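Participant: There's a structure below that I have some questions on.
The values are calculated or read from the model by the stated rules, or taken from the named source; none is laboratory data. Every value quoted in this text rests on a predicted model; they were computed, and no experiment measured them. With ideal geometry, Cβ positions are generated from the backbone for all residues, glycine too; neighbour counts draw on all protein chains shown.
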Number of protein chains: 4
Amino acid sequence: MKVAVLGAGGKMGSSVVQAVLQEPDLELVALVDPKLSGIEYSHALGIAGTGLVVSGDLAEVLRSGADVAVDFTDAASAYQNLLFCAENGISAVVGTTGLSQEQLGELNEKFQASGAGCIVAANFAIGAILMMKFAEMAAPFFHSVEVIEMHHDTKVDAPSGTALTTAKRISRAKVASGGAFEPDPTQKFVLQGVRGASVDGVGIHSLRIRGAVAHQEVVMGTTGQSLTIRHDSYDRSSFMPGVLIAIRGVSTVRGLAVGVDDLIEEMFNSMSTDRAR
Amino acid sequence: MKVAVLGAGGKMGSSVVQAVLQEPDLELVALVDPKLSGIEYSHALGIAGTGLVVSGDLAEVLRSGADVAVDFTDAASAYQNLLFCAENGISAVVGTTGLSQEQLGELNEKFQASGAGCIVAANFAIGAILMMKFAEMAAPFFHSVEVIEMHHDTKVDAPSGTALTTAKRISRAKVASGGAFEPDPTQKFVLQGVRGASVDGVGIHSLRIRGAVAHQEVVMGTTGQSLTIRHDSYDRSSFMPGVLIAIRGVSTVRGLAVGVDDLIEEMFNSMSTDRAR
Amino acid sequence: MKVAVLGAGGKMGSSVVQAVLQEPDLELVALVDPKLSGIEYSHALGIAGTGLVVSGDLAEVLRSGADVAVDFTDAASAYQNLLFCAENGISAVVGTTGLSQEQLGELNEKFQASGAGCIVAANFAIGAILMMKFAEMAAPFFHSVEVIEMHHDTKVDAPSGTALTTAKRISRAKVASGGAFEPDPTQKFVLQGVRGASVDGVGIHSLRIRGAVAHQEVVMGTTGQSLTIRHDSYDRSSFMPGVLIAIRGVSTVRGLAVGVDDLIEEMFNSMSTDRAR
Amino acid sequence: MKVAVLGAGGKMGSSVVQAVLQEPDLELVALVDPKLSGIEYSHALGIAGTGLVVSGDLAEVLRSGADVAVDFTDAASAYQNLLFCAENGISAVVGTTGLSQEQLGELNEKFQASGAGCIVAANFAIGAILMMKFAEMAAPFFHSVEVIEMHHDTKVDAPSGTALTTAKRISRAKVASGGAFEPDPTQKFVLQGVRGASVDGVGIHSLRIRGAVAHQEVVMGTTGQSLTIRHDSYDRSSFMPGVLIAIRGVSTVRGLAVGVDDLIEEMFNSMSTDRAR
């Protein structure tokens, strides 16, 4: 499978380059980044041996015969890049955030028409995706849930997007099973605010710790026991396993898919089928 | 649903009595325990208000019109109790361990013939069951796995049965997905034995700590991240949620089923179906 | 050393009885509990072999020649019991809560006059005491701190007393070292309240989880790293190691001491001295 | 305080440069690295604004009037660099490993003679140093201990040096308090080797996980409770807080000191004194 990387000089882009280089079944065929145009890639980034020269021209993706383009650029560039991919029937994996609903809708139509696929995901960290999935599955069996996310102390917002999504999914799964999380209210607050926030009975707590990276823990309790599901992300390379799943799976997508959850769900199903045989 | 408890005076049995009393849809109709025959239950165990007198006679189960009998006795008693249930078409939930494969086979036939169901499980801790299930599902997506179990320091054996089963299931799931856990060997041992044991590349470590109860952690790692699934069991009441699932679900079982995993799997499937609608 | 237990029939009292019975250097000589007066102790509590009959009369403490009386009763009884001990020169270890400052002041004078000692502590859990001590010592070296306490879901108040004390001590230690905890404020709250409460820059978060017992974690972070100190209390026997330290150490106390921290501090100092030699 | 950095172009050296630049009371006056000689530092490393040109000549340290030289080079270079510092009365902080006992002895004499100080440390991670200190202090109060270290799966040796040192210090502290760790032996091994290694009754377990960095947990248990002390190191910048403590404290050292433990101990003592006043 031939892969092009758009935004190859950025932090995420160069991580993708390195990840693809380590996979025997993937061939890196094009690097695009206007800021590094004409530079031999390994010199620019201090990476050994791609042998590729960075191009400033999107047409390089087409010339190289790439099957899949991976885009980690910015919203404006990504929109243009994806229109180009759709027009030329090249599948795309997109980690760039900030595309509008309108743009996503348009791209869906264009990719549908082209017969190629496109996966847009805000979070490629496979561990985080599984954490949410498992927490959702476990919800019907537990009486209490608390989501605790911990990030570095310079994070501007709280809670993290993952924590909020996790809490919502847990709550919805509980309701779908005919239940609800209805914790006993604290009767006496010695200190206001210590119980954090709540999404339909699912507690959320945001910790900000100098030195930490990105961590989340879901604690679920019922009679005599607790189940804890924790994801620790140590650096941005944590996105790579999910990006590789998307690269290998995007050929099965028609139009635009949000998230890699469906690909993972299919992998689960094929596992169950194997076991059933 | 009418429930009888066999071995009602034992530690597990009396926990079952208390758990059943708290469920509005379950009615406690018979308590059997030869050691407490004729005693008003609440007096004997210091529990408030069952209003029931303990019987030493198994026939009480039949007289009371019980739909389900829960057995936490010993292997010899359980075998007799279950033959009685099968003959009389009463479903059974069994936490007693030590029944032989031959006995289980015979009971399976008898329950098949009677049209009633029987669930025999060594572990009713729902959190432990989910931990194993999730670790198995996650296996294909990770490169390294270590299972760490921690129990009180008087536990006679190591590793725990749950840890060994977990490791085997993780390994099998990895192989089923076309992979294998093949950790890099440690090149230099400053101290022999520190890497613990291994089941097909899945590490197992047993900790023994005064004060601890029963705890297990599965740590799985891949590029830039780790996923940790942890179960903490704080006391024997941790079995109760699983026993209640079995009581409510045993009517769907024909013959003898080992473990509550299939009931839980069905609950997962009905959740997926609900979501798909 | 001869030990009397006041409130021997209560939950804490009977735990003390069992703990004392297991220590070769401690001799159990008197059990007082008006509610169990005249009953052979082991029959009443289902405990093997104390050979003692419970007395309803406080004078039994004196008659038995006890060196130390351990009191886990209620505030009214404890006050009377301690006056009796002080008058008779018997040292006391007290876990009963609710004595007023005035009562404590009076008892201090009476114990001073008698030449005996009295230790009153709200928390004998040695692990919790060490957690607070270590967190305090570590405070000057870290930039961010969060205290997360987790208790069963029926706890009526929040935060726990231990969590509040921990946060205050951490904050004071930081100030004493010439610093202060001043976390960057969260700029954007997607959900209000998720950052919990704060005591002078030390975050506090209270989790309430069915099945949990009493747990607390202090997470401290600085450049590139975090230090986590966690205490898990699994049942009320967690108080016993601290009670035993108090029983053995109360002879060195004159008057009334609050907490076992000073005894532990002395043990630390003797350790340092040993090492220095 | 004026600081020179030797090996300024290396991974650790450039981390030191960045750390020193952020401290208002420290002035970066010299950068030495033969491999980057003559290059303006910020251009070479992509760091903003030191305004300094890297020198290939050790004499630059003297010319710049540095009070302290920080050395992260290699054993051969460090030996020469430290002889130069000792001869010129410049204090030194050394993170370079591999100096022989003979060399350290000689350097101790030379620094003693010069009136300057030198701190050589294998581990500047303040969190790891505190973890060891606290585990040692806690040892007398607990009955069981297990040390679990987790590192990335390419680590060549096991256990980590920190884990081994931790176990030895815990064991020595227990013995110094008149006790010993003597865990009950496991009676039945379902799988050989699962209990890991042991240093005088302190268990050691090494986990190797793809994606992990450097983590260690000390779990200590006694009746009804456990105390866990955990250090997570997320990247090499975790050394910087300890390096800064050493830079600021080296002026109080005469001759050569191994480790920053003594400086930290002094900080603890001054805290106690402050509290006592």
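Participant: Based on this model, can you work out whether B:Glu149 counts as crowded, with 24+ Cβ neighbours inside 10 Å and of a type in the set (D, E, K, R)? Walk me through how you get there before you give the answer.
Facilitator: Details: crowded, with 24+ Cβ neighbours inside 10 Å: yes; of a type in the set (D, E, K, R): yes.
Yes.
Participant: Still on this structure, I have one more. Does B:Arg208 satisfy the criteria of being modelled with pLDDT under 95 and in contact with a Ser or Thr (Cβ under 9 Å, 6 or more places away or on another chain)?
Facilitator: Details: modelled with pLDDT under 95: no; in contact with a Ser or Thr (Cβ under 9 Å, 6 or more places away or on another chain): yes.
No.
Participant: Quick one: count up the residues across region D:110-133 that are within 14 Å of chain C (Cβ to nearest Cβ) and either basic (Lys, Arg) or more than 24 Å from D:Tyr234 (Cα to Cα) (or both). Before the answer, list the steps.
Facilitator: Pass one, region D:110-133, residues within 14 Å of chain C (Cβ to nearest Cβ): D:123-133.
Keeping just the survivors that are either basic (Lys, Arg) or more than 24 Å from D:Tyr234 (Cα to Cα) (or both) gives D:133.
Number satisfying all stated conditions: 1.
Participant: Only one residue in C:Ser77, C:Ser37, C:Ser64 is free of Cβ contacts under 8 Å to residues at least 40 places away in the same chain and over 20 Å from C:Val260 (Cβ atoms), so which one is that? Working first, answer last.
Facilitator: On the way: C:Ser77 fails: free of Cβ contacts under 8 Å to residues at least 40 places away in the same chain; C:Ser64 fails: free of Cβ contacts under 8 Å to residues at least 40 places away in the same chain.
None of the others qualify; the one that does is C:Ser37.
Participant: Looking for whichever is closer than 22 Å to B:Pro183 by Cβ and either under 14 Å from the mean Cα position of the chain (by Cα) or buried (at least 21 other Cβ atoms within 10 Å of the Cβ) (or both) here; the options are D:Gly221, D:Gly161, D:Gly242, D:Gly193. Which one fits?
Facilitator: Only one candidate passes the filter, namely D:Gly161.
Participant: Tell me whether region A:220-231 contains one or more residues that are under 30 Å from A:Pro24 (Cα atoms) and at pLDDT 95 or above. It would help to see each step written out before you state the result.
Facilitator: Residues of region A:220-231 under 30 Å from A:Pro24 (Cα atoms): A:231.
Then drop every residue that is not at pLDDT 95 or above, which leaves A:231.
Yes, that holds for at least one residue.
Participant: Related question: Considering only region A:151-166, state which residues are within 11 Å of A:Ile204 (Cα to Cα) and either in contact with a Pro (Cβ under 8 Å, 6 or more places away or on another chain) or not in a helix (DSSP H, G or I) (or both).
Facilitator: A:Ala158, A:Pro159, A:Ser160 - these are the residues of region A:151-166 that are within 11 Å of A:Ile204 (Cα to Cα) and either in contact with a Pro (Cβ under 8 Å, 6 or more places away or on another chain) or not in a helix (DSSP H, G or I) (or both).
Participant: Collect the residues in region B:109-128 that are buried (at least 24 other Cβ atoms within 10 Å of the Cβ) and either of a type in the set (D, E, K, R) or out of contact with any strand residue (DSSP E or B) (no Cβ under 9 Å at 6 or more places or on another chain) (or both), keeping them in residue-number order.
Facilitator: Within region B:109-128, no residue meets the criteria.
Participant: Could you please let me know if B:Glu106 is modelled with pLDDT of 95 or more, over 20 Å from the mean Cα position of the chain (by Cα) and acidic (Asp, Glu)?
Facilitator: In short, yes.
Participant: Which one of C:Arg236, C:Arg248, C:Arg254 is farther than 28 Å from C:Val199 by Cα, in contact (Cβ under 8 Å) with a residue 12 or more places away in the chain, under 13 Å from the mean Cα position of the chain (by Cα) and surrounded by fewer than 20 Cβ atoms within 10 Å (Cβ to Cβ)? First the steps, then the outcome.
Facilitator: Details: C:Arg248 fails: under 13 Å from the mean Cα position of the chain (by Cα); C:Arg254 fails: under 13 Å from the mean Cα position of the chain (by Cα).
On inspection, the qualifying residue turns out to be C:Arg236.
Residue-wise test of (1) within 16 Å of A:Ala212 (Cβ to Cβ); (2) not assigned by TED's automatic domain parsing to the domain that holds C:Leu21.
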site	(1), (2)
C:Ser198	no, yes
C:His205	yes, yes
C:Gly211	no, yes
C:Thr222	yes, yes
C:Gln225	yes, yes
C:Pro241	no, no
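Participant: D:Ala92 - would you say it is touching a strand residue (DSSP E or B) at 6+ places or on another chain (Cβ under 9 Å), touching a residue at least 12 places away in the same chain (Cβ under 8 Å), closer than 15 Å to D:Ile204 by Cα and crowded, with 18+ Cβ neighbours inside 10 Å? Reasoning before the result, please.
Facilitator: On the way: touching a strand residue (DSSP E or B) at 6+ places or on another chain (Cβ under 9 Å): yes; touching a residue at least 12 places away in the same chain (Cβ under 8 Å): yes; closer than 15 Å to D:Ile204 by Cα: no; crowded, with 18+ Cβ neighbours inside 10 Å: yes.
Judged against the criteria, D:Ala92 is not a match.
Participant: Still on this structure, please answer the following. Looking only at region D:207-222, decide whether some residue is touching a Lys or Arg at 6+ places or on another chain (Cβ under 7 Å) and more than 28 Å from B:Lys188 (Cβ to Cβ).
Facilitator: Looking for residues that are touching a Lys or Arg at 6+ places or on another chain (Cβ under 7 Å) and more than 28 Å from B:Lys188 (Cβ to Cβ), one finds at least one in region D:207-222, hence yes.
Participant: Got at least one residue in region C:134-154 being within 14 Å of chain A (Cβ to nearest Cβ), without any contact (Cβ under 8 Å) to a residue 60 or more places away in the chain and farther than 27 Å from C:Ser177 by Cβ?
Facilitator: So far as region C:134-154 goes, yes, one or more of its residues are within 14 Å of chain A (Cβ to nearest Cβ), without any contact (Cβ under 8 Å) to a residue 60 or more places away in the chain and farther than 27 Å from C:Ser177 by Cβ.
Participant: Scan region C:15-33 for residues that are assigned to a loop (DSSP other than H, G, I, E, B) and charged (D, E, K, R) and jot them down.
Facilitator: Going through region C:15-33, the residues assigned to a loop (DSSP other than H, G, I, E, B) turn out to be C:22-26, C:33.
Correct list: C:Glu23, C:Asp25, C:Asp33.
Participant: Condition (residue is under 28 Å from B:His205 (Cβ atoms), out of contact with any Gly (no Cβ under 7 Å at 6 or more places or on another chain) and at pLDDT 95 or above) applied to region B:111-127: is it met by at least one residue?
Facilitator: Yes: region B:111-127 contains one or more residues that are under 28 Å from B:His205 (Cβ atoms), out of contact with any Gly (no Cβ under 7 Å at 6 or more places or on another chain) and at pLDDT 95 or above.
Participant: Is one or more of the residues making up region C:229-246 touching an Asp or Glu at 6+ places or on another chain (Cβ under 6 Å) and at positive phi? Spell out how you get there, then give the answer.
Facilitator: Here is the first cut: in region C:229-246, the residues touching an Asp or Glu at 6+ places or on another chain (Cβ under 6 Å) are C:230.
From the residues that got through so far, the ones that are at positive phi too are none.
Looking for residues that are touching an Asp or Glu at 6+ places or on another chain (Cβ under 6 Å) and at positive phi, one finds none in region C:229-246, hence no.
Participant: Could you check region A:170-270 for strands (runs of 3 or more DSSP E) lying wholly inside it with 3 or more residues that are within 11 Å of chain B (Cβ to nearest Cβ)?
Facilitator: Numbers: elements: A:197-199, A:202-208, A:214-222, A:225-233, A:255-258.
Counting at least 3 such residues, we get A:214-222, A:225-233.
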